[in-house]
2 protein chains.
Amino acid sequence: MDSSGSPAESPSMRWWGWGEPNGPPLLSPTTLARLGAILGATLQRRPPVALEAVRLPARSLEPSLDRALRQIVGEAGVNDGHDERVRHAAGRGYTDLVGLRAGLPEGAPDAVLWPADHDQVRAVLELCAAHGVAVVPFGGGTSVVGGVAPLRGGHGALIALDTRRMDGVLSLDRTSRIATVQSGIRVAALESWLGARGLTLGHFPQSFHYVAVGGCAATRSVGQASTGYGSIAGMIQGLRLATPTGELALAAVPASAAGPGLRELVIGSEGTLGVITELALKVRLAPASRGFEGLFFRSFSDGVRALALLTQSGLAPAIARLSDERETETSLLLSAPRSMRDRVGRAYLRARGYRPGCLLILGFEEAEAKVLAARRQSALELLRGEGAFLAGSSPGRAWAAARYSAPYLRDELLTHGVMAETLETATRWSNVGALHRGVADAIERELRSCGTPGLVMCHLSHLYETGASLYFTFLARQLEGRELEQWRAVKWAASETILSAGATITHHHGVGRDHAAWMNREVGPQGVVALRALKAQLDPTGIMNPGKLLPDASNGG
Amino acid sequence: MDSSGSPAESPSMRWWGWGEPNGPPLLSPTTLARLGAILGATLQRRPPVALEAVRLPARSLEPSLDRALRQIVGEAGVNDGHDERVRHAAGRGYTDLVGLRAGLPEGAPDAVLWPADHDQVRAVLELCAAHGVAVVPFGGGTSVVGGVAPLRGGHGALIALDTRRMDGVLSLDRTSRIATVQSGIRVAALESWLGARGLTLGHFPQSFHYVAVGGCAATRSVGQASTGYGSIAGMIQGLRLATPTGELALAAVPASAAGPGLRELVIGSEGTLGVITELALKVRLAPASRGFEGLFFRSFSDGVRALALLTQSGLAPAIARLSDERETETSLLLSAPRSMRDRVGRAYLRARGYRPGCLLILGFEEAEAKVLAARRQSALELLRGEGAFLAGSSPGRAWAAARYSAPYLRDELLTHGVMAETLETATRWSNVGALHRGVADAIERELRSCGTPGLVMCHLSHLYETGASLYFTFLARQLEGRELEQWRAVKWAASETILSAGATITHHHGVGRDHAAWMNREVGPQGVVALRALKAQLDPTGIMNPGKLLPDASNGG
């Protein structure tokens, strides 16, 4: 049954990495040399193996079941060929990529299914529940925390349920600003559909071009413009969830006091309760005006204090991103000054005590130009009063041009033996400084003790009145043959620090497999048993996305 | 054991009605006569019985249990005297008041307990769970949907757990704008504490002076200024819930992607999972500037369309409240024109086609006067463009002066044999018109068929980008001796209409006992079984607030 094709309306993605298969290299030899010097290593090429060399487990789906599944989704809706199994064997986290590139993913689904709608999903789940087949819901496959890892939870067989065919816009209620869509529609495709109608969803995660809206909902996604538009959770007005035992349908209402927030229970459930099949989403008027500003602060703590004030004054723009000294320095170092003006600008900043300082990018988006101008002026006035140096729009435009390119960069770094990983958290404003230092120290210490001293950078983004998200990026030479061990040591150290500081284990990457062990500390034992009780009710045979979200005991395996 | 006193720091409340025991009458003989004419009845006095005449069931708490409870909370923390049992026998809904005034509440707790903190609450719940004693968590006792009804759910004994002694502010993090409080603090007391520090919670439900913050959290309360400040749900950053089986503690973080929203599960749980003991709340800078505006629209639909635009343009003020024709007319009718200027103004409006039109009250609140002025100007410009007639600040100031007085008015109406009841819902903008007509028609029809034709009024408030809340008030002559039957008929008709229209059964009153039967339609059978599973996990013996929130089968009784 290697014959069936797979739907391919969405942009394709490298099987071993991110995005467009044939993008141009982003790192020049000079930059690579500079980076090698920083990391104390001569960088050498470590390209991925060939697709056909990837080793997969033997398929284990009963022929009768296979036939029954084809009856539900049609012949074109099933594929158990090598390529599709590899493409659904992993997400896009660091450990996923290490495994894929080596040709040794941790497993693979026995088959990939593409149901066309809610009813087909329900039928598939019912069949799988009856036969003990594990199901990994698969949207864009862009999870960076092992959210789509092919874990079987003790079940004999496993399918990936890919929502790519469920990509329709079901209705648009312009008066209420609500679009109802199938969950498999890609965020970029929806944004483009809305854009043609003068509207926007306002959700721009780094995975923008590939991620499915349903995946965003299932993982509590937060986009780059969340300070203005909020997270996906706030956009969701209603939804349908197909579970192995039935349907949980919540009508689109702007607000309700009818008991606990069931909508919020489905959001973030990461495929462990069922498959989100439809979503009613709040949309906005597309901004007619956009504008970027770059500013420098003398220190990260100056910037943090200023952003707290900005947000609490109601003046924060849609996008706000403050890099710490290291991130600012590295981005300047890796991008050679392009012009005499750049050189002069940098020298001037150094002379004024910003060396290199901390770069803040602001992105304003408003329906009206005059509103944008007013908000921009008020915001810049406040920030200047807090010690900011205004650097014009070019740093912001540069950021915007590269806003979706980090995952490509990570691929190139991996190809040169460099570990590139990110993690994020959120905390209250009064805790930002201590958390920033604590986590950066923990990562640095752990990398050193691995014998691979690294570069740890951070930016603050996603501003709230009470706090913000901290996003850490770290680079180090890979410990060849012990990549996962090296990663685990660093991940453990960072996570311990985060939870001990009272911050959250994840602000927008989700729990997946990588953070599941931390849920006991994140929500406490009572929180975990509450979630387990809920799962036992909606997914009594434990087939839904085993090994994700909850610590081991709960995965029905 | 009649001896112990009860804490009484909070303002006292009439045992048979609302608020201050000795408030002046609000309805003049003239107004009562006018109202009687509208309702086709001669209004006659039906005063409440005397407190000592209220009939309560015999106490049924085992002496050994009583001793054990006193060991936990101290002698001063228990009272099983007649007065306190009556004061905890009911909330402040229409059916509660009908029962209390007749001296026939539907039951009463065997004793009232006032624990001092989280640990005492935990100990009480553990003891009650071990002995099968039902527990009604009791904050301000202001529920209007039977949320504190003394139902036993099959258990032999029942206590009311009053949080009044848990009224401390535990900490204030000014940098992060987070105040951590015990759940029993009254909203007005907290607002006053914050006000002295230049801060505000921004939560102003009609029950403001009496309601406990924990009660607001447990019922998803939404205040009058929610369009600006949001609902209580958005203010809660972290919390502690004491359950019969343990503690669910969620740290205060501004946002998290760590799985389903457990915070949102506790919010709205209405005491059925446990007792919320502490809350970390987002606070804001107190507004230095406040301003009210009154405007008239020619029709409700004109006003609705304008408010949708206003909200979607980001220009809605903190308070917005649009009365329909009937509510506008009634409030004009019941308040005789006070001056020649009023008379002239009304005649002018009539001549311009506003007869009487629909009154919109806007309340602006901003930290800075110039921001307020700018927002006010933009908002009024937009509304004028949509057909609004600007009527100056006096209608708004009149509304503000009386914003907490409706429950007093209801008491006086009841004293004159007039049923006065409210209900609320929320829906998307495109559905507002049909829902408004449908619900008003249903109530009117039902009142007529009871032989008590009534007056049905509505206002739109609590604006969201995708929709708004509709708040209905209706008055009719009471069917003497069949008050509850009359009420049930109207409630049923309105609720059916609301759910058939895809709106929510409650926007901010909560579910309690009165809406429990509608939860199957509100969240569907899968939603109900999910909530039941959760309750079975955290409250396995079903002692927590039996008969509330969930339809019958789930109440552990």
Qualifying positions in the range A:417-433 - over 16 Å from A:TRP487 (Cα atoms), crowded, with 21+ Cβ neighbours inside 10 Å and in contact with a helix residue (DSSP H, G or I) (Cβ under 8 Å, 6 or more places away or on another chain) = A:THR425, A:THR427, A:TRP429, A:VAL432
Does at least one position in the range B:536-547 carry a residue that is surrounded by 23 or more Cβ atoms within 10 Å (Cβ to Cβ), touching an Asp or Glu at 6+ places or on another chain (Cβ under 6 Å) and touching a residue at least 40 places away in the same chain (Cβ under 8 Å)?
-> no
Has the range A:165-188 got at least one residue that is of a type in the set (Val, Ile, Thr), open to solvent by 30 Å² or more (accessible area, probe 1.4 Å) and not in a strand (DSSP E or B)?
-> yes
Considering every residue within the range B:37-50, establish whether at least one is surrounded by 15 or more Cβ atoms within 10 Å (Cβ to Cβ), closer than 20 Å to B:PRO21 by Cβ and among the β-branched types (Val, Ile, Thr).
-> no
Which one of A:LEU279, A:LEU248 is open to solvent by less than 10 Å² (accessible area, probe 1.4 Å), in a strand (DSSP E or B) and over 19 Å from B:THR427 (Cβ atoms)?
-> A:LEU248
Being β-branched (Val, Ile, Thr), within 22 Å of A:HIS509 (Cβ to Cβ) and open to solvent by less than 40 Å² (accessible area, probe 1.4 Å), is that true of even one residue in the range A:394-416?
-> no
Matching residues in the range B:532-553 (more than 8 Å from every other protein chain (Cβ to nearest Cβ) and either among the acidic types (Asp, Glu) or over 25 Å from B:ASP96 (Cβ atoms) (or both)) number 4
Got a sec? Which of A:LEU265, A:LEU273, A:LEU295 is assigned to a strand (DSSP E or B), buried (at least 24 other Cβ atoms within 10 Å of the Cβ) and touching a helix residue (DSSP H, G or I) at 6+ places or on another chain (Cβ under 8 Å)?
-> A:LEU295
Can you name the residue in the range A:511-531 that is β-branched (Val, Ile, Thr) and either more than 7 Å from chain B (Cβ to nearest Cβ) or in contact (Cβ under 8 Å) with a residue 24 or more places away in the chain (or both) and is also farthest from A:GLY467 (Cα to Cα) among such residues?
-> A:VAL528
Yes/no for B:ALA233 being touching a residue at least 12 places away in the same chain (Cβ under 8 Å), facing chain A (nearest Cβ under 10 Å), open to solvent by 10 Å² or more (accessible area, probe 1.4 Å) and assigned to a loop (DSSP other than H, G, I, E, B) | no
From B:SER143, B:SER231, B:SER207, B:SER171, which residue is small (Gly, Ala, Ser) and in contact with a Pro (Cβ under 9 Å, 6 or more places away or on another chain)?
-> B:SER207
Kindly check whether there is at least one residue in the range A:434-457 that is open to solvent by 10 Å² or more (accessible area, probe 1.4 Å), within 14 Å of chain B (Cβ to nearest Cβ) and of a type outside the set (Val, Ile, Thr).
-> yes
Expected single match for closer than 30 Å to A:LEU310 by Cβ and touching a helix residue (DSSP H, G or I) at 6+ places or on another chain (Cβ under 9 Å) among B:VAL148, B:VAL187, B:VAL133, B:VAL144 is B:VAL187
Could you pull out the residue among A:GLY259, A:GLY268 that is facing chain B (nearest Cβ under 8 Å), at positive phi and free of Cβ contacts under 8 Å to residues at least 60 places away in the same chain?
-> A:GLY259
Restricting attention to the range A:514-557, which residues are in a loop (DSSP other than H, G, I, E, B) and basic (Lys, Arg)?
-> A:LYS548
Go through the range B:480-510 and count every residue that is modelled with pLDDT of 95 or more and away from chain A (no Cβ under 11 Å).
-> 17
Scan the range B:1-22 and give yes if some residue there is buried (at least 20 other Cβ atoms within 10 Å of the Cβ), under 30 Å from B:HIS416 (Cβ atoms) and free of Cβ contacts under 8 Å to residues at least 60 places away in the same chain, otherwise no.
-> no
Hits in the range A:206-227 - residues which are open to solvent by less than 30 Å² (accessible area, probe 1.4 Å), within 13 Å of chain B (Cβ to nearest Cβ) and in a loop (DSSP other than H, G, I, E, B) = A:ARG220, A:SER221, A:VAL222, A:GLY223
Does A:THR427 satisfy the criteria of being under 29 Å from A:PHE204 (Cβ atoms), more than 9 Å from chain B (Cβ to nearest Cβ), outside any loop (DSSP other than H, G, I, E, B) and not aliphatic (A, V, I, L, M)?
-> no
Picking from A:VAL136, A:VAL124, which residue would you name as being closer than 27 Å to A:GLU421 by Cα and buried (at least 24 other Cβ atoms within 10 Å of the Cβ)?
-> A:VAL136
Going by the structure shown, is B:ALA116 closer than 20 Å to B:ILE543 by Cα and either touching a helix residue (DSSP H, G or I) at 6+ places or on another chain (Cβ under 8 Å) or polar (S, T, N, Q) (or both)?
-> no
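Listed here are the residues, each with its yes/no results for (1) touching a Gly at 6+ places or on another chain (Cβ under 9 Å); (2) free of Cβ contacts under 8 Å to residues at least 60 places away in the same chain; (3) surrounded by 15 or more Cβ atoms within 10 Å (Cβ to Cβ).
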{"position": "A:ALA53", "(1), (2), (3)": "yes, yes, no"}
{"position": "A:ALA58", "(1), (2), (3)": "no, yes, no"}
{"position": "A:PRO63", "(1), (2), (3)": "no, yes, no"}
{"position": "A:LEU69", "(1), (2), (3)": "yes, no, yes"}
{"position": "A:ILE72", "(1), (2), (3)": "no, yes, yes"}
{"position": "A:ALA76", "(1), (2), (3)": "yes, no, yes"}
{"position": "A:GLU84", "(1), (2), (3)": "no, no, yes"}
{"position": "A:GLY93", "(1), (2), (3)": "yes, no, yes"}
{"position": "A:VAL98", "(1), (2), (3)": "no, no, yes"}
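The values are calculated or read from the model by the stated rules, or taken from the named source; none is laboratory data. What you are looking at is a predicted structure, and each value in this text was computed from that prediction instead of being measured. Cβ coordinates were reconstructed from backbone atoms using ideal geometry, including for glycine residues, and neighbour counts include every protein chain displayed. Accessible surface is based on the protein model in full, side chains and every heavy atom, while ligands, DNA and RNA are left aside. Shrake-Rupley method; radii C 1.70, N 1.55, O 1.52, S 1.80 Å.
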